[in-house]
Amino acid sequence: MSAALALSLEAPRTETSAAPHRPHALHAADRTWPETNCYVDLWIELLHLRGLSPEAMLGFTLRQDFEGDQFTFFKPKPADLEALYGLEILELALYETLEGHSLVQAARGLPVLVEVDAFYLPDTAGTTYGREASKTTIAILSLDPETRFLDYLHNAGRFQLAGADYDGIFAKGRLLPYAEFVKPCGPALTGSALTDAALALLRRHRAYAPKHNPVTAFREALAAKPDAFVQRQLSAFHSYAFNTTRQLGANFELLGSHLAWLTAQGAGSFGEAAEAATRLAQEAKAFQFQLARAFARGKLAGLPERLAAAEATYAAVFAALDRALAAG
């Protein structure tokens with residue numbers, strides 16, 4: 001085993017259950033979308049915890065599309081994570097208990113990624129904690145069955161839970177969840193090698209980006225809905241906004257950060273495209289407020305047309321990106 005791989009394997013062990021954790025800058029409070037979705041946020045913090053640069057992996061955001069009723073729930077590609085960071089995602093077979101298998105993997109220094117019920121996650125206090133069932137993904141870093149203590153990553157931070165919440169996460173008698181674990185398979189790239197690989201992935205993802213403007217498709221889908229769509233309970237607004245405006249806005253804010261990072265690394269002049277992507281993130285947030293007002297008044301009239309700016313900005317992102325890629 002190489003020294004780099006051994007260090008990567010041991011990295012999580014340097015953290016204790018009480019270790020302070022400062023979220024990555026991609027989760028700064030002053031961002032338009034401080035949180036994106038549970039899976040991407042988890043990977044940002046998991047890489048950050050290992051001392052790696054999550055900005056390098058974000059080229060996959062180019063491939064987001066409108067899927068008829070929602071924007072793509074964007075996730076990093078496993079092949080990208082392996083190529084950039086030497087990390088592979090393996091399925092964890094749960095032939096016994098989730099708790100027992102998690103204990104084995106945590107002892108090896110390997111985070112376990114598992115879908116759990118946010119009803120038992122204290123970090124969701126004020127939303128789902130103790131209120132309602134909601135699936136989300138966490139990374140289990142360590143656990144102690146005797147004291148019923150769990151140390152985990154979720155969304156933009158690192159947290160701990162214990163007692164009844166621990167019992168809830170590992171409740172027996174339920175259908176076993178899907179679980180994975182993260183295993184180093186080689187050294188992480190650094191310096192120019194990391195930059196070059198990230199740029200190559202950006203070019204690849206550009207080739208697989210949607211052929212048609214997904215914001216246009218979103219506008220058309222919204223225009224086809226009756227007023228009854230916005231006359232439902234507030235919970236319907238939150239669910240719809242999370243899967244449309246938030247996924248769109250958060251995706252493109254991360255793309256802007258990725259392009260700014262590439263520019264700072266000397267990989268090209270992506271400033272114009274980064275600015276346009278960031279603007280699209282802001283326009284998606286503004287539209288989310290307009291969507292909320294439509295739910296409040298129970299009328300859709302005039303709302304789809306308010307996507308015109310975001311529609312044009314999406315086109316501007318790719319036009320600027322293509323010019324920068326051609327110049328490089």
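FYI, it's all coordinate maths here, none of it is from the lab. Quick caveat: nothing in here was measured; it's all calculated off a predicted structure. Backbone-built Cβ (ideal geometry, glycine too); neighbour counts: all protein chains shown.
Along Cα→Cβ, 7 Å out, is where each label goes; now give me the distance between the ones at Arg293 and Ala125 in nm to one decimal.
Computed distance between label sites Arg293 and Ala125 equals 3.5 nm.
Over segment 191-327, what is the mean sequence separation of C-alpha contacts under 8 Å (at least six apart), divided by residue count, expressed as relative contact order in percent? Intermediate results must be reported in sequence, preceding the final value.
Numbers: 131 pairs, mean separation 45.7, N = 137.
Result for segment 191-327 is 33 percent.
Put a dot 7 Å past each Cα toward the Cβ at Phe242 and Val104; how far apart are the dots in nm?
Output for this residue pair reads 3.2 nm.
Quick check on packing: order 307-314, 120-127, 253-260 by the mean number of other C-beta atoms within 10 Å, highest mean leading.
Numbers: 307-314: 19.2, 120-127: 16.1, 253-260: 25.8.
Top to bottom by mean Cβ count within 10 Å: 253-260, 307-314, 120-127.
With r as the distance between the Cβ atoms of Ile89 and Ala264 and R0 = 41 Å, compute the FRET efficiency 1/(1 + (r/R0)^6) and round to 0.05. Display every interim value, and only then the final one.
Working: r = 28 Å, r/R0 = 0.69.
E(calc), rounded to 0.05, equals 0.90.
Which whole-number percentage describes the relative contact order of the chain, with Cα contacts under 8 Å and a sequence gap of 6 or more?
Over the chain, the number comes to 22 percent.
Within straight cross-link reach of Lys77, meaning Cα distance under 23 Å, which lysines are found once same-chain residues fewer than 8 apart are removed?
Lys135, Lys183, Lys211
Once you have a ≥ b ≥ c as the square roots of the Cα gyration tensor eigenvalues for segment 191-327, tell me rounded if a/c is under 1.5, and otherwise prolate or oblate according to whether a/b is larger than b/c.
Details: a/c = 2.86, a/b = 2.44, b/c = 1.17.
The shape class here is prolate.
Under a plain spin-label model, where a point goes 7 Å from the Cα along Cα-to-Cβ, how far apart in nm are Leu176 and Glu220?
4.5
Express in whole angstrom the spacing between the alpha-carbon centres of segment 136-154 and segment 52-131.
A separation of 14 Å, based on Cα centres.
Could you tell me the ratio Rg/Rh of the chain? Both radii from Cα atoms, Rh via Kirkwood.
Working: Rg = 20.8 Å, Rh = 21.1 Å.
With Rg and the Kirkwood Rh in hand, the quotient comes to 0.99.
Pick out the long, greasy-scoring helices in the chain: whole DSSP H runs spanning 20 Å or more along their own axis by Cα, mean Kyte-Doolittle at least -1.0. Don't skip to the end; give the middle numbers.
On the way: long enough: 191-207 (25 Å, 0.12); 247-264 (25 Å, 0.57); 271-297 (39 Å, -0.20); 308-327 (29 Å, 1.05).
Within the chain the helices that satisfy the rule are 191-207, 247-264, 271-297, 308-327.
What FRET efficiency comes out for the pair Gln231/Lys75, r = Cβ-Cβ distance, R0 = 25 Å, nearest 0.05? Don't jump to the answer; show the numbers that get you there.
Working: r = 33 Å, r/R0 = 1.31.
FRET efficiency, Gln231 to Lys75: 0.15.
Using the beta-carbon distance between Ala315 and Glu115 and R0 = 56 Å, what value does 1/(1 + (r/R0)^6) give for FRET efficiency, to the nearest 0.05?
Values: r = 36 Å, r/R0 = 0.64.
Computed FRET efficiency for Ala315 and Glu115 comes out at 0.95.
Take the alpha-carbon centre of segment 159-194, take the same for segment 235-263, and report the distance between them in whole Å.
Cα centroid to Cα centroid, the span is 24 Å.
Assigning unit charges at the beta carbon (Lys, Arg +1; Asp, Glu -1) and nothing else, what dipole magnitude in debye, to the nearest 20, does the chain show about its Cα centre? Before the final figure, lay out the partial values.
Numbers: 30 positive and 36 negative charges, 164 e Å.
With only Lys, Arg, Asp and Glu charged at Cβ, the dipole is about 780 debye.
Name the residues whose placed amide hydrogens come within less than 5 Å of the amide hydrogen of Ser142, ignoring near sequence neighbours (fewer than 5 apart) on the same chain.
HN-HN under 5 Å from Ser142: Asp151.
Report the charge-dipole magnitude of segment 191-327 in Debye, nearest 20, computed about the Cα centre from +1 at each Lys and Arg Cβ and -1 at each Asp and Glu Cβ. Show your work: numbers first, answer last.
Working: 15 positive and 10 negative charges, 85 e Å.
Its charge dipole is roughly 400 debye.
Would you compute, from DSSP H runs of 4+ residues alone, the mean residue ellipticity of the chain at 222 nm, taking -39500 (n - 2.57) per run and dividing by the full residue count, rounded to the nearest 500?
On the way: 11 runs with 144 residues, N = 328.
Computed mean residue ellipticity for the chain: -14000 deg cm²/dmol.
Give me the number: length gained by fully extending Ser134 to Arg204, i.e. 0.36 nm times residue separation minus the C-alpha to C-alpha distance, one decimal in nm.
Numbers: separation 70, 0.36 × 70 = 25.20 nm, distance 3.44 nm.
Stretched fully, the Ser134-Arg204 segment lengthens by 21.8 nm.
Which of the listed residues, Ala207, Ala276, His238, is farthest toward the dipole's positive end in segment 191-327, when Lys, Arg count +1 and Asp, Glu count -1 at the beta-carbon?
His238
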